[in-house]
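Enquirer: Below is the structure I would like to discuss, written out as structure tokens.
The values are calculated or read from the model by the stated rules, or taken from the named source; none is laboratory data. Predicted, not measured: the structure shown is a model, and the values here were computed from it. Methodologically, a virtual Cβ is constructed for each residue, glycine included, from the backbone with ideal geometry; neighbour enumeration extends over all protein chains shown. Just the protein is used for accessible areas: all its heavy atoms, side chains included, with ligands, DNA and RNA removed. Shrake-Rupley method; radii C 1.70, N 1.55, O 1.52, S 1.80 Å.
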Amino acid sequence: QHGASGVEPLAWSEDHRVSVSTARSIAVLEQLSDVHSGGQDMVIHRTAVPAPGAACMLKVGPKKEVAECKEKFASSVDPTVSQTFMLDRVFNPEGKSLTPMRGFKYSSWSPLGCDANGRCLLAALTMDNRLTIHANLNRLQWVQLVDLTELYGERLFEAGYRLCKADAPCGELGDFPEFQRRHSMQAPVRMEWSGICTTQQVKHNNECRDVGSVLLAVLFENGNIAVWQFQLPFLGKESITSCNTIESGISSPSVLSWWEYEHNNRKMSGLIVGSAYGPVKIIPVNLKAVKGYFTLRQPVVLWQEMDQLPVHSIKCIPLYHPYQKCSCSLVVAARGPYVFWCLLLISKAGLNVHNSHVTGLHSLPIVSMTADKQNGTVYTCSSDGKVRQLIPIFTDVALKFEHQLIKLSEVFGCVRTHGIAVSPCGAYLAVITTEGMANGLHPVNKNYQVQFVTLKTFEEAAAQLLESSVQNLFRQVDLTDLVRWKILKDKHIPQFLQEALDKKIESCGSTYFWRFKLFLLRILYQSMQKAPSEVTWRPSHEDAKILISDSPGMGSTEDDQEEGTSKQASKQSLGDTGKGVDIDDPAEDSLHQSSDTGGREPMVEKLLEIQAQIEAVEMHLTREHMKRVLGEVYLHTWITENTSIPTRGVCDFLMSDDGYDDRTARVLIGHILKKMNKQTFPEHCSLCKEILPFTDRKQAVCSNGHIWLRCFLTYQSCQSLVYRRCLLHDSIARHPTPEDPEWIKRLLQGPCTFCDSPVF
């Protein structure tokens, strides 16, 4: 809707959200591997972070004094003062006769696990130098948590615009050089997040507990770097632990990146800073009270030539050196049309630095660079629509790059490129494009689009999912999306994938492979479904009300409870559609609408067979999670203590199936029942005080017919009107309450047991 703005306008987060910086907002495109849709297209959920309405005025002194100084400089008879002041947009963000500074300059995603839902935070820098942090807490709306520009300005004002007390007193605000200095020391250029680190917090009883924290480094125009430390989960101003300012000594800084290196279980960190004049160096960062972190003793210069090639982008990639048998860091920087690389590794002799340039890549300056941190592949692009793929290959001494050209013109026609970003697992490349020249003429209007290009084949994605060390489907959505597309296209699960997955389940038994199997079965079920003859959102004129207790599927019950509206029979349930037990209505619907009577019976049998497999896999995952919940109950409760978790009901449910013979579960249940001492501690309906029996893992129904949905994380009944759902609407979970013990709160922080999605 608006033109792309700023440097590196595209960024892809670890939780599969793509941010696009534009002249009016940051458009956020979230990729979903939807198990409830039979369409082969990519599923994108779109939200936006709007730009602030008012211009940002940096705090350089008292308001009255600042207004007087601005009037004095604007009317100065010295043209070097008046013209410099009038044309500098840092001093005049509102513009007056100039065009307003709307839009975003840069955006940066935090690591996974930083907000209240365990997802990524978004740091956004506007064109008028306002740096804010945003979180997406309720799925549809972005909330600003803190304005760091305002906080940093207040800190400088209280400190008299001195970094330390030993510094000489600052000059008068009426002096133009001092006016410039105060602005440049708080005008951000770039900001980058560190990885999550652990700090130790001393409790009231002098016990130490580990607390997660994350650092945000902010580079300013004068070369200073402010390092903010936030306690996790980040909730706002109260989560700020500290803010330290480092002097980098770099003139005209242009880019910033974290250097994080692990050697012999010792983590080292620093900040890589690049200059518009060419030099690149690593600045030591002293992380006080951060467990297991070390830093450099002095700055390390990676490139010192002032060759006037501005550093546009820096990426740091951790790799393993196959010849040296140790971990190493690959630092790549875009400098004009060239790529500067530097290999850092620690040996007995100290820090070894190898550097060089890759030339002959582009005829125009590189406008965007991104890197796949899993295999070290680097992608660069220039504005003429050419994208280069650089693959690092280790040699005995250092490394070399193999590079090949990706011609976007063969896919999209003649286009101009403005930014690129690679997905977390390297399956997709996102590209911002506009129309290129046609018959030697530039286009009259520019239409900005985000294009997605696949970088992996289905076979590569499936192999990566099977050998994954992450073992979390949500963190590999880009890979599962390729698998989803292939199954929907071919309408069957490839034989090699089915056999490899069965072997993994037999040899390992990890619940990750069971969840992967459930995902494949759900997609296969969707591929067998017949497309509805009517548009699903169009309201039905038929009066099709049905008594909830008599409904054949539980999924629609969940949705009716949550949404408070009756649902069309033809509309697929968003609650638990892919879960087998909850897809009776859509299955019957698609079967009855089948026009081919002769071919209907085999399809009915096939769908029923897949549905039975889905139910079996879901029941296995449910039992495994029930065992985990019972284990927590046994470890954290005293004898005859009511835990508020329906322990007796969960035990009876596990043992109700004669075909289920798990020795671990039987031993655990025996210990728990012995500890409970024949007490049952049943749940009671909050409306009529009747006992709520545990007969279903999804809902509880009292003798008077009151229906309450069960939390899939603790199996308690959710007797409130407000609860949470997982990202793919698989299950529901209750909110933690103040009286909950820590171990129950920890259980409630878990992801969905069926699809690994976070819960909102």
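Enquirer: Restricting to the range 171-199, and then to whatever is in contact with a Pro (Cβ under 9 Å, 6 or more places away or on another chain) and modelled with pLDDT of 90 or more, can you tell me which residue is most open to solvent (accessible area, probe 1.4 Å)? Talk me through it step by step, then tell me what you get.
Expert: If we filter the range 171-199 for residues that are in contact with a Pro (Cβ under 9 Å, 6 or more places away or on another chain), which is where we start, we get 171, 173, 189-190, 193-196.
Of the ones still in play, those that are also modelled with pLDDT of 90 or more are 189-190, 193-196.
Values: 189: 26, 190: 9, 193: 22, 194: 5, 195: 20, 196: 72 Å².
In this case the residue turns out to be 196.
Enquirer: In the range 5-23, which residue that is out of contact with any Pro (no Cβ under 9 Å at 6 or more places or on another chain) and not in a loop (DSSP other than H, G, I, E, B) is nearest to residue 114 (Cα to Cα)? It would help to see each step written out before you state the result.
Expert: Residues of the range 5-23 that are out of contact with any Pro (no Cβ under 9 Å at 6 or more places or on another chain), as a first pass: 5-11, 17-18, 23.
With the extra rule that they be not in a loop (DSSP other than H, G, I, E, B), the set shrinks to 10-11, 17-18.
Numbers: 10: 21, 11: 17, 17: 15, 18: 17 Å.
So the residue we want is 17.
Enquirer: Quick one: count up the residues across the range 342-373 that are under 23 Å from residue 263 (Cβ atoms), touching a Pro at 6+ places or on another chain (Cβ under 8 Å) and either crowded, with 20+ Cβ neighbours inside 10 Å or of a type outside the set (D, E, K, R) (or both).
Expert: Qualifying residue count for the region: 0.
Enquirer: Quick check on residue 639: is it surrounded by 18 or more Cβ atoms within 10 Å (Cβ to Cβ) and either more than 18 Å from residue 744 (Cβ to Cβ) or in the same structural domain as residue 717 (by the TED database) (or both)?
Expert: On the way: surrounded by 18 or more Cβ atoms within 10 Å (Cβ to Cβ): no; either more than 18 Å from residue 744 (Cβ to Cβ) or in the same structural domain as residue 717 (by the TED database) (or both): yes.
Spelling it out, it is not the case that residue 639 is surrounded by 18 or more Cβ atoms within 10 Å (Cβ to Cβ) and either more than 18 Å from residue 744 (Cβ to Cβ) or in the same structural domain as residue 717 (by the TED database) (or both).
Enquirer: Residue 168 is checked against (1) assigned to a strand (DSSP E or B); (2) open to solvent by 30 Å² or more (accessible area, probe 1.4 Å); (3) small (Gly, Ala, Ser) and fails just one. What number does that condition carry?
Expert: Residue 168 satisfies every listed condition except (1).
Enquirer: Under the condition of being touching a residue at least 60 places away in the same chain (Cβ under 8 Å) and either out of contact with any Ser or Thr (no Cβ under 6 Å at 6 or more places or on another chain) or open to solvent by 20 Å² or more (accessible area, probe 1.4 Å) (or both), which residue from the range 200-213 is farthest from residue 119 (Cα to Cα)?
Expert: Taking the range 200-213 first, the residues touching a residue at least 60 places away in the same chain (Cβ under 8 Å) are 200, 210, 212-213.
Keeping just the survivors that are either out of contact with any Ser or Thr (no Cβ under 6 Å at 6 or more places or on another chain) or open to solvent by 20 Å² or more (accessible area, probe 1.4 Å) (or both) gives 200, 210, 212.
Details: 200: 22, 210: 20, 212: 14 Å.
Taking the candidates together, the pick is 200.
Enquirer: Consider residue 417 carefully, then state whether it is in a strand (DSSP E or B), touching a His at 6+ places or on another chain (Cβ under 8 Å) and crowded, with 18+ Cβ neighbours inside 10 Å. Working first, answer last.
Expert: Working: in a strand (DSSP E or B): yes; touching a His at 6+ places or on another chain (Cβ under 8 Å): no; crowded, with 18+ Cβ neighbours inside 10 Å: yes.
Taking the combined requirement at face value, the residue does not satisfy it.
Results for (1) open to solvent by less than 50 Å² (accessible area, probe 1.4 Å); (2) more than 24 Å from residue 154 (Cβ to Cβ); (3) among the charged types (D, E, K, R), shown as yes or no for each residue.
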position	(1), (2), (3)
50	no, yes, no
55	yes, no, no
62	no, no, no
66	yes, no, no
69	yes, no, no
72	no, yes, yes
79	no, yes, no
84	no, yes, no
90	yes, no, no
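Enquirer: Could you tell me whether the range 8-15 includes any residue that is in contact with a Leu (Cβ under 7 Å, 6 or more places away or on another chain), open to solvent by less than 10 Å² (accessible area, probe 1.4 Å) and of a type in the set (D, E, K, R)? Break it down stepwise before answering.
Expert: Of the residues in the range 8-15, the ones in contact with a Leu (Cβ under 7 Å, 6 or more places away or on another chain) are 14-15.
Add one more test, that the residue is open to solvent by less than 10 Å² (accessible area, probe 1.4 Å), and what stays is 15.
After this cut, where a residue has to be of a type in the set (D, E, K, R) as well, the list is 15.
Yes - at least one qualifying residue is present in the range 8-15.
Enquirer: When only residues in the range 318-338 that are aliphatic (A, V, I, L, M) and touching a residue at least 60 places away in the same chain (Cβ under 8 Å) count, which is nearest to residue 278 (Cα to Cα)?
Expert: Of all residues in the range 318-338, those aliphatic (A, V, I, L, M) come to 319, 330-334.
Now drop any that are not touching a residue at least 60 places away in the same chain (Cβ under 8 Å), which leaves 319, 330-331, 333.
Working: 319: 25, 330: 18, 331: 15, 333: 10 Å.
My answer is 333.
Let's see how each residue does on (1) over 25 Å from residue 627 (Cβ atoms); (2) within 38 Å of the chain's Cα centre (by Cα); (3) assigned to a strand (DSSP E or B):
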| residue | (1), (2), (3) |
| --- | --- |
| 689 | yes, no, no |
| 695 | no, yes, no |
| 705 | yes, no, no |
| 708 | no, yes, yes |
| 713 | no, yes, no |
| 721 | yes, yes, no |
| 725 | no, yes, yes |
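Enquirer: Residues of the range 151-165 being modelled with pLDDT under 85 and either surrounded by 10 or more Cβ atoms within 10 Å (Cβ to Cβ) or closer than 17 Å to residue 225 by Cβ (or both), which ones? Spell out how you get there, then give the answer.
Expert: Of the residues in the range 151-165, the ones modelled with pLDDT under 85 are 163-165.
Of everything in the range 151-165, those that are modelled with pLDDT under 85 and either surrounded by 10 or more Cβ atoms within 10 Å (Cβ to Cβ) or closer than 17 Å to residue 225 by Cβ (or both) turn out to be 163, 164.
Enquirer: Which one is surrounded by the fewest Cβ atoms within 10 Å (Cβ to Cβ) among residues in the range 382-404 that are polar (S, T, N, Q) and assigned to a strand (DSSP E or B)?
Expert: Per the stated criteria, the residue is 404.
Enquirer: Further question: Looking at (1) at pLDDT below 90; (2) more than 18 Å from residue 219 (Cβ to Cβ); (3) in a loop (DSSP other than H, G, I, E, B), which is the only condition residue 261 fails?
Expert: (3)
Enquirer: Continuing with the same structure: Quickly run through the range 264-291 and pick out the residues that are open to solvent by 30 Å² or more (accessible area, probe 1.4 Å) and modelled with pLDDT under 90.
Expert: The answer is 264, 265, 266, 267, 268, 286, 288, 289, 291.
Enquirer: I've got another one for you. For the range 464-500, give me each residue that is open to solvent by 50 Å² or more (accessible area, probe 1.4 Å), free of Cβ contacts under 8 Å to residues at least 40 places away in the same chain and on the phi < 0 side of the Ramachandran plot.
Expert: Filtering the range 464-500 down to residues open to solvent by 50 Å² or more (accessible area, probe 1.4 Å) leaves 467, 469-471, 475, 485, 489-492, 495-496, 498-499.
Those still in the list that are free of Cβ contacts under 8 Å to residues at least 40 places away in the same chain too: 467, 469-470, 490-492, 495-496, 498-499.
Answer for the range 464-500, where residues must be open to solvent by 50 Å² or more (accessible area, probe 1.4 Å), free of Cβ contacts under 8 Å to residues at least 40 places away in the same chain and on the phi < 0 side of the Ramachandran plot: 467, 469, 470, 490, 492, 495, 496, 498, 499.
Enquirer: Further question: Taking the options 698, 689, name whichever one is basic (Lys, Arg) and surrounded by fewer than 17 Cβ atoms within 10 Å (Cβ to Cβ).
Expert: Values: 698 fails: surrounded by fewer than 17 Cβ atoms within 10 Å (Cβ to Cβ).
The unique qualifying residue is 689.
Enquirer: Okay, moving on. When the residues of the range 671-684 are narrowed to those that are among the hydrophobic types (A, V, I, L, M, F, W, C) and surrounded by fewer than 20 Cβ atoms within 10 Å (Cβ to Cβ), which ends up modelled with the lowest pLDDT? Step through it out loud before you land on a result.
Expert: Going residue by residue through the range 671-684, those that are among the hydrophobic types (A, V, I, L, M, F, W, C) are 672-673, 676, 681.
From what's left, surrounded by fewer than 20 Cβ atoms within 10 Å (Cβ to Cβ): 672-673, 681.
Details: 672: 88, 673: 87, 681: 84.
So the residue we want is 681.
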